[in-house]
Amino acid sequence: MSEQRHHFTNESLSLNQAHDYNLLLQINANSFNYAITSNKQLLSWVENYPLDELKDPQALRDILTANYKQVIIGLASTGFTLLPNSLFDKDYVVDIARLLDVRDNEDVYFQQVNKYNIIIYKVNQDLTANLSDFDNPAVNYKAKGWITAIGNNEPADTNLYVNIEDDTAEFLNFSDANIRFYNTFTYTNHEELAYYTAFVAQELNLDAQNTTIVISGNVNQTDKCVTYLSEFYNEVKLNTIELLELPQSVDSHKILTLAALLLCASSEEN
């Protein structure tokens with residue numbers, strides 16, 4: 001079971017006004033995070049609740065059963081492939097999904113991840129079993145908002161964007177404002193993270209002396225994974241994209257992937 005970490009609750013939060021709020025849910029393999037927003041104001045943010053609480057709410061019953069204006073969900077995947085629009089044909093999704101080695105307990109989803117690309121991904125059914133409890137939720141690939149947020153902020157071709165959550169790192173690079181590379185790797189320590197960073201940079205022919213690593217997720221500037229990367233690259237910095245009005249106690253790079261779900265439209269298909 002994941003450790004519960006209560007980050008922030010605004011004293012103005014009132015679930016009687018939930019019809020004016022957005023509920024953002026980031027469902028990971030073993031836990032989930034949520035945020036409640038009103039327009040661009042953050043009202044509540046909590047991380048690492050066990051999935052059992054999502055399936056049978058006890059402590060969060062009032063939060064999860066309120067009548068929100070919109071519920072936007074990001075799902076962790078167990079495998080994915082990214083295709084340009086020109087190569088995608090909805091009629092052949094089943095054939096493409098075979099490349100993902102879909103198991104009996106997994107469902108396949110696809111959606112437009114940006115203007116040029118479709119993502120096809122599989123999700124463990126344990127993560128989706130209770131989604132029908134929400135009224136018409138917008139269900140998305142977990143990183144769609146993060147990808148969109150970066151794409152909307154003039155990403156430099158020499159920037160390598162890294163999102164770190166638990167033991168997984170997502171890598172993203174753009175070329176002429178389009179996705180050039182996106183992939184995820186699991187790692188166990190700062191040296192393995194540096195190895196995968198070097199591997200991706202080499203694949204993309206990014207010169208370390210001209211490359212900026214831009215990190216988001218549950219990290220700080222003084223963490224070993226950040227300081228160690230700083231030994232090899234031109235610059236390693238935290239992502240400063242701020243999508244919500246945040247109190248001083250909340251770092252924008254730590255809540256970025258969750259806040260970015262606000263950028264996701266209800267475009268999920270399966």
Please verify whether the range 32-50 includes one or more residues that are buried (at least 17 other Cβ atoms within 10 Å of the Cβ) and at positive phi. yes
Taking the residues in the range 126-147 that are assigned to a helix (DSSP H, G or I) and touching a Phe, Trp or Tyr at 6+ places or on another chain (Cβ under 9 Å) as candidates, determine which candidate is farthest from GLU53 (Cα to Cα). ILE147
Does any residue in the range 126-141 that is in the same structural domain as GLN70 (by TED's automatic domain parsing) come within less than 8 Å, Cβ to Cβ, of a residue that is of a type in the set (Lys, Arg) and surrounded by fewer than 15 Cβ atoms within 10 Å (Cβ to Cβ) six or more places away or on a different chain, and which pairs are these? ALA129/LYS55; ASN130/LYS55
Looking only at the range 148-170, which residues are of a type in the set (Gly, Ala, Ser) and assigned to a loop (DSSP other than H, G, I, E, B)? ALA156
Of the residues in the range 192-223, those that are under 22 Å from the mean Cα position of the chain (by Cα), among the charged types (D, E, K, R) and in a helix (DSSP H, G or I) come to GLU192
Scanning the range 16-52 residue by residue, the ones that are over 23 Å from THR168 (Cα atoms) and not aliphatic (A, V, I, L, M) total 12
Condition check: modelled with pLDDT under 95 and in a helix (DSSP H, G or I). Does VAL94 satisfy that? yes
Of residues in the range 41-62 being touching a helix residue (DSSP H, G or I) at 6+ places or on another chain (Cβ under 8 Å) and touching a residue at least 40 places away in the same chain (Cβ under 8 Å), the one farthest from LYS142 (Cα to Cα): ASP62
When the range 99-125 is checked residue by residue, the ones that are without any contact (Cβ under 8 Å) to a residue 40 or more places away in the chain and under 18 Å from ASN28 (Cβ atoms) are ASN105, GLU106, ILE119, GLN125
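Here are some residues: TYR233, TYR228, TYR195. Which one is within 24 Å of THR78 (Cβ to Cβ) and modelled with pLDDT of 95 or more?
On the way: TYR233 fails: within 24 Å of THR78 (Cβ to Cβ); TYR228 fails: within 24 Å of THR78 (Cβ to Cβ).
Matching residue, one of TYR233, TYR228, TYR195: TYR195.
Among the residues of the range 58-80, are any more than 23 Å from LEU262 (Cβ to Cβ), in a loop (DSSP other than H, G, I, E, B) and more than 24 Å from the chain's Cα centre (by Cα)? Before the answer, list the steps.
Within the range 58-80, the subset more than 23 Å from LEU262 (Cβ to Cβ) is 58-59, 61, 78-79.
Narrowing the set further to residues that are in a loop (DSSP other than H, G, I, E, B) leaves 58-59, 78.
The next check asks that each one be more than 24 Å from the chain's Cα centre (by Cα); those that pass are 58-59.
Yes: one or more hits.
Let's see how each residue does on (1) in the same structural domain as SER175 (by TED's automatic domain parsing); (2) closer than 21 Å to LYS142 by Cβ; (3) buried (at least 17 other Cβ atoms within 10 Å of the Cβ); (4) touching a residue at least 24 places away in the same chain (Cβ under 8 Å):
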site: LEU193; (1), (2), (3), (4): yes, yes, yes, yes
site: ALA208; (1), (2), (3), (4): yes, no, no, yes
site: TYR228; (1), (2), (3), (4): yes, no, no, yes
site: TYR233; (1), (2), (3), (4): yes, no, yes, yes
site: LEU256; (1), (2), (3), (4): no, yes, yes, yes
site: LEU263; (1), (2), (3), (4): no, yes, yes, yes
Looking at (1) within 21 Å of LYS254 (Cβ to Cβ); (2) not assigned by TED's automatic domain parsing to the domain that holds LEU24, can you tell me which one TRP146 breaks? (2)
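The values are calculated or read from the model by the stated rules, or taken from the named source; none is laboratory data. Just so we're clear, the structure is a prediction, and the values are computed from it rather than from any experiment. Glycine gets a Cβ as well: all are built from the backbone with ideal geometry, and neighbour counts include every protein chain shown.
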